[in-house]
Amino acid sequence: MTISADDVRRLLEADAPDAVLVLIQGRTAVIPATELETDEYRGALQVATRSDLGRSGGDRGADLSDHELEEEAAKLEAAVANLGG
């Protein structure tokens with residue numbers, strides 16, 4: 001599973017203030033935290049929240065360069081790999 005810069009951008013630009021990037025069944029998804037307990041996302045691996053990236057709801061992915069988004073994605077990918085995800 002690869003976490004991409006686009007995944008990070010989707011997380012930062014998500015409308016939900018409590019957006020979460022998750023891995024579920026071999027794919028990534030950005031969902032509101034309230035959906036983590038639904039049948040569709042139960043068991044998903046929570047990768048990061050917007051606040052985990054040090055960004056508030058007012059900060060958007062457009063604030064970061066493509067290079068910075070790639071760096072954030074690489075950090076998240078490494079964290080998932082260390083968990084065995």
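Bear in mind these aren't lab numbers, they're just calculated from the coordinates by the rules spelled out. Keep in mind it's a predicted model, so treat the numbers as computed, not measured.
Key figures
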{"read-out": "Length-normalised contact order of segment 5-84 in % [C-alpha pairs under 8 Å, at least 6 apart]", "value": "35 percent"}
{"read-out": "Kirkwood Rh and Cα Rg combined as Rg/Rh, the chain", "value": "0.94"}
